[in-house]
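The values are calculated or read from the model by the stated rules, or taken from the named source; none is laboratory data. Please read all numbers here as calculations on a predicted model, not as lab measurements. Cβ sites come from the backbone with ideal geometry, for glycine too, and all protein chains shown count toward neighbours. What goes into the accessible areas is simple: the full protein's heavy atoms, side chains included, and nothing from ligands, DNA or RNA. Shrake-Rupley method; radii C 1.70, N 1.55, O 1.52, S 1.80 Å.
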Amino acid sequence: MSVKQRWPEEQRRVDEVISIVEERLEVVEGQVGTLRSEIVSIRNTFWDDVTVNLEDADELIETYASMKQQAEVMSERERNHRHALRQLKSLLRLKQTPYFGRIDFLEDGERDHSSIYIGTSSLMDNSGFDFLVYDWRAPVSSLYYDYGPGPARYTTPGGEISGMMELKRQFIIRDGRIRSLFDTGVTIGDELLQEVLGKQSDAQMRSIVATIQREQNRIIRNETARLLVVQGAAGSGKTSAALQRVAYLLYRYRETLKAEQIVLFSPNPMFNSYVSTVLPELGEENMQQTTFQQYLDHRLGREFAVEDPFGQMEYTLSAMSEPGYEARVAGIQYKASAVFLRLLDRYAGYLSERGMVFRDVVFRDRVLVSGEQLKEQFYTLSGLMTIPNRMVALSEWLLKELRRLAKKEMNEAWVLDEIELLDKETYQEALEQLHKKKTFSADTFDDFDREQEQLSMMVVQEKFKVLRKRAKKLTFIDAPAVYRQLFSNPELASLLAGEEPLLERWDDICSDTAERLDRKELSYEDATPYLYLVERLEGFQTNNSVRHVFIDEAQDYSAFQFAVLKRLFPRARMTVLGDLNQAIYAHAASENGFAALQQLFEAEETETIMLTRSYRSTREIVEFTRGLVEGGEAIELFNRGGSKPTLTQAEDTGALHRQITERIGQLQKEGHRSIAVICKTAGESREAFAALQEEIPSLHLISTGTGTFEKGVVVIPSYLAKGVEFDAVLLYDVSRERYGHESERRLFYTACTRAMHELHLLYTGELTPLMNNADPQTYEVR
Ligand SMILES: Nc1ncnc2c1ncn2[C@@H]1O[C@H](COP(=O)(O)OP(=O)(O)OP(=O)(O)O)[C@@H](O)[C@H]1O
C-alpha cells in the first residue's frame, strides 16, 4: 500500500489520539481551576488558620509551627498547580500536533514489531501501560534520528537493544490534520526538511525536533564529554543543537537537574531574545542566559568604565587611519593569546615573591597602615601558601592592626567633637552598654572617664566599620596598579616574557594601556586578563551549582575567557559551539582554533563533533558563500533550490539607496517577512537608516542597545547579525572602500551567511577584493 493510501488510516489514529488528549485536557483544566481557587483561598485566609500567640516561648513555638504548617500546605498546592499547568501546556501542544514521526521496530527475539510514534512529549493510553506518543527524548526515539529502515539499535539505561526498523514515517500535522506524510529510506528524509527549511523565518528561533539530523543528535544526546566542542559551518544547526540539548538534558536528568543549573553564554542580548522561545516551545523552562560582557560588567563595572566588544569592534573596523591603530590591534591579539596568559601566570609567580602593590589604608586623610607596611607583612608570610591564602592572612593581620589603631584613635580630638554631636538616643545606648558590662557603678569616682571611654570607642568603632569591611573584602590589594606595573616596567615585562618574546610594539601598547587605566577605563582586550590577574591574587570566584555551560559563538572567546569560565564553573560540563570562519574579532587572528580551551581539559574528557552541512541557506547561497573562505569547499550544502545571489553596482549613493528600496519592495511582494540591510559598522548603519527611512517607513535600526530581535525590515551592523538569520539579506555597499582589508573577510562571510532564501550585494565605486575568490558562476551580476 502506498503512503497516500495510508493517509486515512493515519488520520484516524491522529483523531483517536486527539480525542484522548481532549478528555485529559478537560480533567487537567478542572484540576488547574480547583488548585488555583484553593491557592487564592489559602492566601486570603492564611492568617485565619494560624494561631498567633506571642506571649511566651511555648506559645511562640506553637505560632511558628502553625505558620509553617500553613505555608507548607500552600507550597504543596502551588507545586501541584505548576505541575498541572505544565501538563496542560503539553496537552495543548499535543492537541495541535500530537506527533511528527513513526517507526516500526522489530526488536531482536520478538515476533511482532511495535509502532512507535514520536512527539514533543509522551502520552499514555487510558490503561496507563502503553505509550500513544513517545517523547522525542526517550531512549527509543533516538532510533528515529539515527537510522533509516534496516538494522538499528539504541541504548537504554538497562543496555543496548537491537533489531530491525521496518518503517520510518514522517508527518506534518497542524491543528489536528495531517498536512503531509512521507516514508523515508534514508536518515530523516529530505522532503520534510525541505518543507521546514523552505518556510519564511520567524522573529524567534524554532525548535527542530522533528528533523534533527544524525550528527546533530550526537551533540544533543552526548552524556560522556566534559568538554564537547562543536565546530560547524554557518547555518549547520549549532545553536539549534545546543538548545535541543538543553531540553534533552532537562528530560534525561529531570530528577536532579534544574533549568537554572544550565547557563548559555550568547553573543549579545538580542540573540538571547531570539532563542528564548525554543525551550518553552518544547515544554521546558529556559536555562539562564547571559553574555560574557554582562559578567565582566558585574565583576569590574564598579571600578572601571569597561569597554564592550562592540566598542572594540567599531574601533577595529573604522579607525584604520588613526595613529596607534596598528599598535592597538597588535595589542588586542596579544592580550587575548595563550602566550599572554602564560605571561600572567609567570607574573603571579613573580608576585608571590616580590612586586605586589597595596593601597594605603587611609582614615581622615591620614595613612593608618601604608601600602608598604602591608607589602612588608605580606612577604613575611610563608611563600608556601598560595597568594589568595596569604591575602586572607593579611586581611586578618590588618583587622588586628585596625583594632589596635582604633584604641589609639580614641584619644584624637575629632572623637571628642563627635561625642558632643551625638544625639540623645545614641548617648543613652552607650550608657546602657556600659551598664550591661557592669563596669559602671554609681559610687566610683571615675564614672565620667569610663563613660567618655565607652563613647569614644563607640564613635571610633563606628567610623572604622568601613575600614574593617574593606579589609575583609581585600580592597587593600591595588590590582589596577599591579596590572599597570606590567605595562610601565619594561624590564619586568621582558623578564616575564622569557622565551616568548614581547611584541615589537610593546612600548606603544604599554603607553596606551597605562593611559587608559589612569583614566579608569578598561578596554575590552584588557578586561578579562585584568579579571584573571585579580582572581590569581584574590582567589577564583566559583559557582558550584551550575552543571552545564553552553558557549555559543565560541570562536570569539579568548584564551582568558575560557580560563575564567572554566574556573568559575568548576562542576560544569561545557558545550562549546563555534565556527572559525566566523571569528570576527581582531583577537581571533592569532588564535589557534579551540586549542587554548582544549588545554584546560584532559584529552580523554574532550569530544569534538563537526557539522559540515549548512541548513540555513539555499543551495545557491551556500555555493556562493563557501567560495569566500579558505577551506569553504568542505561545507556541504542541503539541496534546497533558490535564486543565485546578485551583485549590483550603483552609480552613486543615491542610486544605491534607490536600488535597495526597490529590491526591498520586491522582496516584500514575494512574501519575505524578515529582510535585513546589513552594514559593516554602526556608523554606516545609521547613515543607511537615515537615507532609507523615508522610503521604507517600517524600517528599524538595530544597535547594541536593542534588546529584542525585530521581525520586518531592519538595518543592522554586521557583527550584531551574528547567530541570527533573515529571509533576505542585502549587503549594503560591498565596495573596496568599506571592505578593503583581508582582516574583514570573516565578517563579510558572516554577513552573507545570514541569508536563508535571498542574498543581494550592492556597492558603489570599486568592488571589494574579498569577492576575488568567489566563483563568478555562483552569483548574478545585475
Ligand atoms: N535539523 C534541522 N532541521 C530543521 N532546521 C534546521 C536543522 N538544523 C538547522 N536548522 C535550521 O538552520 C538554521 C540555522 O541553524 P542555527 O542557527 O542553529 O545554525 P548555526 O550553526 O548556529 O549557525 P551560525 O553559526 O551561522 O549562527 C535555523 O533556521 C535552523 O532552524
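Do the conditions hold for R245, that is, is it under 28 Å from E636 (Cα atoms), more than 9 Å from the ligand (Cβ to nearest atom) and within 15 Å of the chain's Cα centre (by Cα)? It is true that R245 is under 28 Å from E636 (Cα atoms), more than 9 Å from the ligand (Cβ to nearest atom) and within 15 Å of the chain's Cα centre (by Cα). T277: touching a residue at least 24 places away in the same chain (Cβ under 8 Å), within 14 Å of the ligand (Cβ to nearest atom), within 16 Å of R206 (Cβ to Cβ) and surrounded by fewer than 23 Cβ atoms within 10 Å (Cβ to Cβ), yes or no? When the stated conditions are applied, T277 passes them.
Across region 361-372, the number of residues qualifying as open to solvent by 80 Å² or more (accessible area, probe 1.4 Å) and either closer than 28 Å to S494 by Cβ or modelled with pLDDT of 95 or more (or both) comes to 1. Would you confirm, using the coordinates I've provided, whether Y719 is closer than 18 Å to V781 by Cβ and touching a residue at least 40 places away in the same chain (Cβ under 8 Å)? The answer is no for Y719.
If the condition is being within 16 Å of the ligand (Cβ to nearest atom) and aliphatic (A, V, I, L, M), then region 738-762 contributes L747, A751, A755, M756, L759. Can you tell me which residue is farthest from L351 (Cα to Cα) among those in region 472-514 that are buried (at least 17 other Cβ atoms within 10 Å of the Cβ) and among the basic types (K, R)? Among them, the one singled out is R505. Residues that are more than 12 Å from the ligand (Cβ to nearest atom) and open to solvent by less than 10 Å² (accessible area, probe 1.4 Å) within region 710-725 comprise V713, V714, V715, I716, P717, S718, Y719, L720, listed in sequence order.
Can you say whether V263 is within 14 Å of the ligand (Cβ to nearest atom) and crowded, with 19+ Cβ neighbours inside 10 Å, as far as the supplied structure shows? Don't jump to the end; show me each part of the working.
Values: within 14 Å of the ligand (Cβ to nearest atom): no; crowded, with 19+ Cβ neighbours inside 10 Å: yes.
For V263, the condition - within 14 Å of the ligand (Cβ to nearest atom) and crowded, with 19+ Cβ neighbours inside 10 Å - is not met.
Does region 604-619 contain at least one residue that is closer than 29 Å to T778 by Cβ and away from the ligand (no atom under 16 Å from the Cβ)?
No, the conditions are met nowhere in region 604-619.
When S674 is tested against (1) within 16 Å of the ligand (Cβ to nearest atom); (2) open to solvent by 10 Å² or more (accessible area, probe 1.4 Å); (3) of a type outside the set (A, V, I, L, M), only condition (2) is not met. Restricting region 515-556 to residues that are open to solvent by 20 Å² or more (accessible area, probe 1.4 Å) and among the hydroxyl-bearing types (S, T, Y), which is farthest from the ligand (Cβ to nearest atom)? Checked region 515-556; the qualifying residue farthest from the ligand (Cβ to nearest atom) is T542. Scanning region 656-671 for residues that are closer than 15 Å to A688 by Cα and not aliphatic (A, V, I, L, M), we see that the one that is surrounded by the fewest Cβ atoms within 10 Å (Cβ to Cβ) is E662. So Q293 ticks every box in (1) part of a loop (DSSP other than H, G, I, E, B); (2) away from the ligand (no atom under 14 Å from the Cβ) but one. Which box is left unticked? Single failed check for Q293: (1).
Looking across region 563-582, the residues that are open to solvent by less than 10 Å² (accessible area, probe 1.4 Å), more than 16 Å from the ligand (Cβ to nearest atom) and not in a helix (DSSP H, G or I) come down to A572, M574.
To keep it simple, each residue is scored yes or no on (1) modelled with pLDDT of 95 or more; (2) among the hydroxyl-bearing types (S, T, Y); (3) not in a loop (DSSP other than H, G, I, E, B).
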site	(1), (2), (3)
T224	no, yes, no
Q231	no, no, yes
V246	yes, no, yes
S273	no, yes, yes
N286	no, no, no
E303	no, no, no
F310	no, no, yes
L317	no, no, yes
M320	no, no, no
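Any idea which residue in region 571-585 is farthest from F550 (Cα to Cα), counting only those that are touching a helix residue (DSSP H, G or I) at 6+ places or on another chain (Cβ under 8 Å) and small (G, A, S)?
So, considering only residues that are touching a helix residue (DSSP H, G or I) at 6+ places or on another chain (Cβ under 8 Å) and small (G, A, S), the one farthest from F550 (Cα to Cα) is A583.
Which of the residues that make up region 624-642 are surrounded by 13 or more Cβ atoms within 10 Å (Cβ to Cβ), within 26 Å of T211 (Cβ to Cβ) and either more than 16 Å from the ligand (Cβ to nearest atom) or among the β-branched types (V, I, T) (or both)? T625, I635 - these are the residues of region 624-642 that are surrounded by 13 or more Cβ atoms within 10 Å (Cβ to Cβ), within 26 Å of T211 (Cβ to Cβ) and either more than 16 Å from the ligand (Cβ to nearest atom) or among the β-branched types (V, I, T) (or both).
Restricting attention to region 248-258, does a residue exist that is within 11 Å of the ligand (Cβ to nearest atom), open to solvent by 10 Å² or more (accessible area, probe 1.4 Å) and in contact with a helix residue (DSSP H, G or I) (Cβ under 8 Å, 6 or more places away or on another chain)? The answer is no, given that none of the residues of region 248-258 is within 11 Å of the ligand (Cβ to nearest atom), open to solvent by 10 Å² or more (accessible area, probe 1.4 Å) and in contact with a helix residue (DSSP H, G or I) (Cβ under 8 Å, 6 or more places away or on another chain).
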